[in-house]
Amino acid sequence: MIWDWLFAPFEYQFMRNALLSTLCLGIGAGPVGVLLVLRRMSLMGDALSHAVLPGAALGYIFVGLSLPALSFGGFLAGLIVALLAGMVSRMTHLKEDASFAGFFLISLALGVLIISLRNSSVDLMNILFGSALAVDYPSLILIAAITSITLLTLAVIYRPLVVECFDPNFFRLIHGHGSFYHIIFLVLVVMNLVAGFQSMGTLLSLGIMMLPATSARFWAAHIWPMFIISVLIAVVSGYFGLLISYHLNFPSGPCIVLTAGVIYIISFLFGRNGSFLTHLKPR
Amino acid sequence: MPAHDHSNNIIINDLHVHYGATIALNGIKGEIEPGSLTAVVGPNGGGKSTFIKALAGILKPSTGGIIHQCKDTCDSAYLPQYTAVDHDFPVTVEEVISMGLWRKIGAFKGFSKDNRALIHKATRQVGLEGMEQRLIKTLSGGQFQRMLFARIILEDSSLIILDEPFTAIDVHTSEALIKLIEDWHKSGKTILLVLHDLQMAKKYFDKTIILARECIAWGDTKKVLTEDNISLSYQNLLRGPS
């Protein structure tokens, strides 16, 4: 019975595709999320996930529901917003998070407007919240490629990313080219958001990045274990989220993110590091 | 002591720094001799940190400039204010100290045996042996400063700039760190640090700069650190920019 509940759904090809895509997503997005949290860029992740929308919408208007078009449009829009927001904060008095917020509101409104031109709320729902069950073979390849590029790039630029984040003044003094690595990192964030939006939708794809990462901080004290735990949480959320979605006939994106959300709540209540429980215990 | 060779002085050339409409530094002029040990004092908000940040190259002057006439490289090592670093960041003592080797190793290379020996030596010099694998958030204020001093040892720069190194630490650590600063001074490094404790400035530093948005006095500590100059600095800051 339990066996059936846990494994039988994956006899179907579309469920196996969905599972594989969420596993890949989790493996790439987990570490990216941990670095987002460490770099105190959670809000920027939020902004970027909204920024993907108008690009995806334009792709949809011109080409229809085709993954390459949506992804490419989303990727471009996300990058443009990331660069614009960075420029605005450097050239004006506005702090980066505020300038990101400005751009993401514009992007979100623009995206919704563009999709509404097609006059079908089903499409809007599809782009906003995605469907893991519609992941086909080309999408799988795209997601797997993005995950591989993400992991390889992170392995190469791990040290500068961490040092710049810990002590930006030091990094400037040693001529570390902080903005160069910052931009590479932003590109990785946008890529992973794009990878996520077919199955999770543009708005929820950040969920598989941020929730496992913030949860991992409650279980691990060092960065590497945080990476591994965030990946595990993302993978477990993906697996159980899909099962819940299948058995209860709910949309997959919200199920996956809500599963990650439950793990997040458990983590901040009972985690080993700085959780609610550790604050209650007498030292 | 190194000879007074003026051709290598760091020249501060009518330095202005503005934060928007607020003037932080107004027309600072002077020269810093190589191998000198200088205390930067003055009232809060007088631009001490701004001055040394500009000197280190972290902050761009609004107008004017700083000319480093160094022979080999112009690299400087900088100790940030205690509160300017994230004490909760999940890195270990050893990881932070080893950042000091960045100019030698760069972003991608691994640590050689020699590098490891250097890291170990610096760790021992500041008395943090055995704490290498501790997370920095478990350190006391004094231990944290010791760790950053070890990083500066590894950086091996000819110009060392310290922003309030003795804030939030115990007397024992202060003494140990002063000893390190004296060692650096003996080896010919140029050292500038922001200080609050004027007695300490009198005791250890040959040169003093008093800043209160403008340069109130600059020169030999004995001549500069007078009560007149100190009260002048407070008046100057209260009066607002001229």
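The calculated Kirkwood hydrodynamic radius for segment A:62-108 is 11.6 Å, given to one decimal from all distinct C-alpha pairs.
Taking label positions 7 Å along the Cα-Cβ direction at both residue B:206 and residue B:87, the computed distance is 3.6 nm, reported to one decimal. Residue-normalised convex hull volume from the C-alpha trace of chain A: 143 Å³ per residue. Only the Cβ atoms of Lys and Arg (+1) and of Asp and Glu (-1) were treated as charged; on that basis the dipole of segment A:2-269 about its Cα centre amounts to roughly 460 debye.
The simple Förster model, with R0 at 25 Å and r as the Cβ-Cβ distance, assigns residue A:221 and residue B:199 a FRET efficiency of 0.05. Relative contact order of segment A:144-196, taken over Cα pairs closer than 8 Å and 6 or more residues apart, is 41 percent. Helices in chain A that qualify as membrane-span-like (whole DSSP H runs, Cα extent of at least 24 Å along the helix axis, mean Kyte-Doolittle hydropathy of 0.0 or higher) are A:13-38, A:42-63, A:67-91, A:96-116, A:137-166, A:178-204, A:223-248, A:252-270.
Proximity of backbone amide H atoms, modeled 1.01 Å from N, is registered between residue B:42 and B:211 at under 5 Å, excluding neighbours fewer than 5 places apart on the same chain. Farthest toward the positive end of the dipole of segment A:2-269, out of A:249, A:196, A:41, is the Cα of A:41, where the dipole comes from beta carbon charges about the Cα centre. Spin-label model, residue A:228/residue B:44: points 7 Å from Cα along the beta carbon direction are separated by 4.6 nm. Among B:11, A:141, the sequence by solvent-accessible area, most first, with a 1.4 Å probe is A:141, B:11.
For the protein assembly as shown, the alpha-carbon radius of gyration amounts to 1.15 times the rule-of-thumb value 2.2 N^0.38 Å expected for a compact globular protein. Per residue, the average separation of C-alpha pairs within less than 8 Å and at least 6 apart gives chain A a relative contact order of 27 percent. Relative contact order (percent) for chain B, with alpha-carbon contacts under 8 angstrom and 6 or more residues of separation? Rounded, it is 28 percent for chain B.
Which of rounded, prolate, oblate describes segment A:82-219, given a ≥ b ≥ c as roots of the alpha-carbon gyration tensor eigenvalues and a/c under 1.5 marking rounded, otherwise prolate only if a/b is larger than b/c? Oblate, since a/c reaches 1.5 and b/c is not below a/b. Full extension of the chain segment joining residue B:113 with residue B:168 gains 16.3 nm, where the gain is 0.36 nm per residue of separation less the Cα-Cα distance. In this Cβ point-charge picture (+1 for Lys and Arg, -1 for Asp and Glu), segment B:66-189 has a dipole of about 440 debye about its Cα centre. Once Rg and the Kirkwood radius are both taken over the C-alpha atoms of chain B, their ratio Rg/Rh works out to 0.97. For the options A:200, A:87, A:191, a Gaussian network treatment of chain A with springs between C-alpha atoms closer than 10 Å singles out A:87 as fluctuating the most. Taking 7 Å steps out from each Cα toward its Cβ at residue A:12 and residue B:19 produces label points 5.9 nm apart. For segment B:82-156, the spherically averaged projection of the C-alpha convex hull amounts to 4.9 nm². When only the Cβ of Lys, Arg, Asp and Glu is charged (+1, +1, -1, -1), the dipole of the protein assembly as shown relative to its Cα centre reaches about 260 debye. With 10 Å² as the minimum drop in accessible area between chain alone and full protein complex (1.4 Å probe), the qualifying residues in segment A:28-61 are A:38, A:40. Using a Gaussian network model of chain B in which every pair of alpha carbons under 10 angstrom is joined by a spring, one finds that among B:82, B:204, B:19 the greatest mean-square fluctuation is at B:19.
The values are calculated or read from the model by the stated rules, or taken from the named source; none is laboratory data. If you're wondering where the values come from, they're calculated on a predicted model, not measured in any experiment. Note that we place each Cβ from the backbone using ideal geometry, even for glycine, and neighbour counts take in every protein chain shown. These accessible areas exclude ligands, DNA and RNA; they are computed on the full protein's heavy atoms, side chains included. Shrake-Rupley method; radii C 1.70, N 1.55, O 1.52, S 1.80 Å.
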